[in-house]
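Below is one structure, written out as structure tokens; the observations come after it.
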Amino acid sequence: MADQNAKPSSTKRPVIGVPILSPFAAGRPVAPGSFDAGAARIALGVVAVLAGGRPKRSGSAGPSSTLLLASDATYLGQPVGLVLAEERPRAQAAAQELAEKLVQPAGSPSTSTSRAVRQAEPPPRERDRDPRPQLAEKRGSPANAIAEAELKLKQTYRTAGTRSPLAELPTAIATFAGPHLTVQADVAPAQVDELRERVAQLLGIAAVQIEIQTRARWSTQSVEPLARAAALAALGAHEIQRPVEVTLPMAALGTLGETLQTLTLGATKDGELRGILHHGVVQLPRGEAAMPASGLVASALYACPNVEVSQHGVRLDLGAPVRRGDAGFEVGLFALETALDELAWLVGIDPLRFRTGNLIEAEPGSARPLGRLKKCYEQGAQAVGWSLRPQTERSPTARSSPARREGRYLVGLGMASAVLPLESQPGGRVILGAHFARVLCDEKTGEVRLARLVSVLDLFRDGGPASEAVALRTQKRARKAVVDGLERVLGGGLSFDLRTGRVAGAGDASLVHLRASELSTIEVQLLEPEPTGDGAKATAQGLAAADHAGCGVAPAIVNAVYAATGIRCRELPLRPEHLLRSGG
Amino acid sequence: MDPKLEPTSASAAHQPVEYVAAENLADALTKLALPGAQPLGGGTELSDRFESGLLSPGRIVDLGRLPYSRIEIGSDGSVQIGALARLRDALESPLLLPRCPAVVDALLASGPVAILNQATVAGALLQSTRCPWFRDRLAPCNRRQPKSGCTAQTGPHREAAIFGATTECGSVHASDLAVALLALDAVVHTAGPQVGAERSLPISALYRLPGVGGSLSETTLAPGELLLGVSVPTTARARRSIFVKAAERGPLSFAQAAVAAAVELDERGFVQSARLTLGGVAPVPWRALAAEQQLLGASLSKERIHIVKRAALAGAQPRRDNRYKVGLAEQLIEQALTALSEREAAHG
């Protein structure tokens, strides 16, 4: 059915659909059908308003709205209605006006992982009770090993809730002709079938009824947000029997909740890792059973004989219909690589040497030695002048910093290993690399300036890319992912009004976008490809991994901040108040 | 320029808007007296209010032809800054830096180049609060929707005020320029719709704490009243002035805390008179009177600066998530006074 490179079939201007988003994180914000009354008061230009919970017409073979337009909102920003208008401003205004008419439901939504954890012990509330902790991985006896270790560290690391920052908002145009649905969306040709299946699932119709048209030769857009935009457009198109275009706003794409990661580490005085306990608490959206793996990075890198990784989910009313595939890796890596840095300082060993000394011999599941990761370390260290950092190792308890000064700024170098998931590969195959950061910190005002960020990534381990153009494209994608990762270090921390679940700062004010002048501080280097191998496979792997290159940027930055100031930030996003020393 | 906001609906924000240009002051005041009229200077504040759905004027009155964009020395020796002067013009004026460096510091901190090129002095002074809840039309906010509540008092409050907050509003004032001008005892000049209704008032009287006089308007301007300009006295104190700001993204962000300091020293280096004002911490530009008292008769020694900064923040009422503003403001005071002390030592 798919005609992947077809031109759009309809040149007629589509009606614009704008979803009405729930301003509350839980409950029934409005009785079904009451939108229609509101619609009658809206100025000329609104074609129709679809309300959540509208039952499917009996005997109709058309689409069902139950998965798309909720009558009971289960997360903030959930579409509860759809306004169709000839012009976008009209539709947006009407959707906003109708959202304002929604009445806050009784009861408080659950938006805070920390709060849910506190409230769940004991007695657990049925609503927020944690699902059973899941043991993700265990080898040896970490608890015993840590108890017997000469040096121990136990810390909790927090990442605040954040929007899923997408480079492009998902847009789709839907047209119904009889029972047949045509969807125009810029999906990658390879994902046409997946998109069709998902749209069919959301609408409750057969996939054979759907034709997907795409003009994109390749695309970074994920299927899920496109499918939701397409399905909403299809609902509208079916209702008014005209083409409908829907662009999902950022607020409709779900929110990644706060995570808490507790790391307990043990090491010998010589810096040999003896035990790692990594326990994560992550958001588990209502209605979903799967949790993003958050602690699985430890055994992919380090030769510690005793490792236990576990996590459990907390039910939050935030929803996460669109998740980044690397979300679990990113928060887990932030916690692990920050904790390792803390332990290195505690032991009194250069953090880079500490990591090198504890690397596994070969990657899990393969005999591939980690020599290429060491090359990443060497290349990155050389690029930022790691050997020039102050030689004096200092105790983490010492506040007087020997760090170098540049004017009013303290200078710090930090690094972290990068572990990039390869979702397409079974068995948790990963791509490795390292990030090195040089920061300038004003410890009096909490200002942090990134002077340099060098990411060295081993993206072509199974052979060189198909062409130089592919190599360049891969590097650009990796660079973009690194910038995204950096923006998540600086922004995205959401504060929720606990009564309503509303996010402080309407829209996407919490997101930070780097300026062009700031981007010049970022450098992405790709390790020389392996000379032999399958070019096509290497190209696919390299491109896929490049999109996750932001994993590990955060710990590199906070480790550099520590090296500069002696202040350890265990929370993301990094904010000035984290650096302000008590007492002024 | 009247900063008062009428609660509006989103659909109303997309109604047609009439554009008219004012030929002179009288014409402007007449046109602004009509219902729904809003003044247009640089447009940065107005467009922001439009986009936020905070305003739905039926008529925009362009003030671009009015002769209030000059920067010059007045007959009393003060620097006269026209309300319609662009921030960049003010920044580049040779008159300001030697006479009132704090104003130049504040202008530099007021925004990126694009904003400095476009925004006017009036817009910078009369901009409305950046409280996230004020701009979230679905959240309770007394300023936007009277008697709906103040989310900054009951919900997330990282950006909320640590001074001057009331149960009605806990937002912070947004203007950097106003903080500097308050430290320099600037005077603002306005004209109202009534014949001959021109007045001059200290800039401290331009702003209103929430609820004072039964109003939640951020300024004391009457409906239809226009800001015409600002006079900055060129005193010895103004010449020894400075403005510093801490913001997450520098000039791109609004102040988490800001400090303006101006001191007059005698020949022995003791403070004869002082002004210390804070931004980003209160619903109005905040004058730290107790700290000013601690400066009088003292030298700008490290020990004295420590006492002063503590005095400045002694009355703060922070909560958990905005407590950092206390330490931050203290550090900025130290930074500002130390810089003034070093300047004095360098230039004698």
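When chain B is treated as a Gaussian network with alpha carbon springs shorter than 10 Å, the biggest mean-square fluctuation among B:Ala160, B:Ala336, B:Ala314 belongs to B:Ala314.
Backbone amide hydrogens, once placed in the peptide plane, bring B:Glu198 within less than 5 Å of B:Gly192, excluding anything fewer than 5 places away on its chain. When only the Cβ of Lys, Arg, Asp and Glu is charged (+1, +1, -1, -1), the dipole of region B:158-313 relative to its Cα centre reaches about 460 debye. Note on A:Val524, A:Val470: ascending count of other Cβ atoms within 10 Å places them as A:Val470, A:Val524, the fewest first.
Pairs exceeding 32 Å between alpha-carbon atoms, taken from A:Lys375/A:Lys537; A:Lys138/A:Lys444; B:Lys147/B:Lys309; B:Lys147/B:Lys325; A:Lys375/A:Lys444: A:Lys138/A:Lys444; B:Lys147/B:Lys309; A:Lys375/A:Lys444.
Cα centroids of region B:186-244 and region B:48-115: 14 Å apart.
Since only B:Leu25, B:Gly297, B:Gly164 are under comparison, the one whose Cα sits farthest along the positive direction of the charge dipole of chain B, derived from C-beta charges on Lys, Arg, Asp and Glu, is B:Gly164. Amide H contacts under 5 Å for A:Leu459: A:Leu527, restricted to partners 5 or more places along the chain or on a different chain, H placed in the peptide plane at 1.01 Å from N.
Contact order normalised by length for region B:183-238, with contacts defined as Cα pairs under 8 Å and 6 or more residues apart; what percent is it? Before the final figure, lay out the partial values.
Values: 79 pairs, mean separation 25.5, N = 56.
Contact order relative to length: 45 percent.
Among B:Arg65, B:Arg323, B:Arg268, the largest mean-square fluctuation in a Gaussian network model of chain B, built with springs joining Cα atoms closer than 10 Å, belongs to B:Arg268. Of the residues B:Ala119, B:Gln335, B:Pro223, the one whose Cα sits farthest towards the positive end of the charge dipole of chain B is B:Gln335 (charges of +1 on Lys and Arg Cβ, -1 on Asp and Glu Cβ, taken about the Cα centre).
State, as an integer percentage, the relative contact order of chain B based on alpha-carbon contacts under 8 Å between residues 6 or more apart. Working shown, then result.
Values: 794 pairs, mean separation 59.1, N = 348.
Computed over chain B, the figure is 17 percent.
Treat every Asp and Glu Cβ in region B:8-106 as -1 and every Lys and Arg Cβ as +1, leave all other atoms uncharged, and give the resulting dipole magnitude about the Cα centre to the nearest 20 debye. Intermediate values should be presented prior to the final figure.
Working: 8 positive and 12 negative charges, 15 e Å.
In total the dipole reaches around 80 debye.
About its Cα centre, region B:223-303 has a charge dipole of approximately 160 debye under the convention of +1 per Lys or Arg Cβ and -1 per Asp or Glu Cβ, with nothing else charged. Think of region A:166-260 as a dipole: +1 on every Lys or Arg Cβ, -1 on every Asp or Glu Cβ, centred on the Cα centre; then among A:Leu202, A:Ala251, A:Ala177, A:Ala177 lies furthest on the positive end. For region A:516-532, 3J(HN,Hα) computed residue by residue from phi via the Karplus equation (6.51, -1.76, 1.60; θ = phi - 60°) reads 4, 5, 6, 5, 5, 7, 9, 10, 10, 10, 9, 5, 3, x, 4, x, 10 Hz, glycine and proline entered as x. As a check on your grasp of the helix formula, calculate [θ] at 222 nm for chain B: sum -39500 (n - 2.57) over DSSP H runs of n ≥ 4, divide by the residue count, round to the nearest 500. Helices in chain B give a 222 nm mean residue ellipticity of -8000 deg cm²/dmol.
Bear in mind that the values in this text are calculations on the coordinates, not laboratory data. Treat the numbers as computed from the prediction; the structure is a model and nothing was measured. All Cβ positions, even for glycine, are placed from backbone atoms using ideal geometry, and neighbour counts span all protein chains on display.
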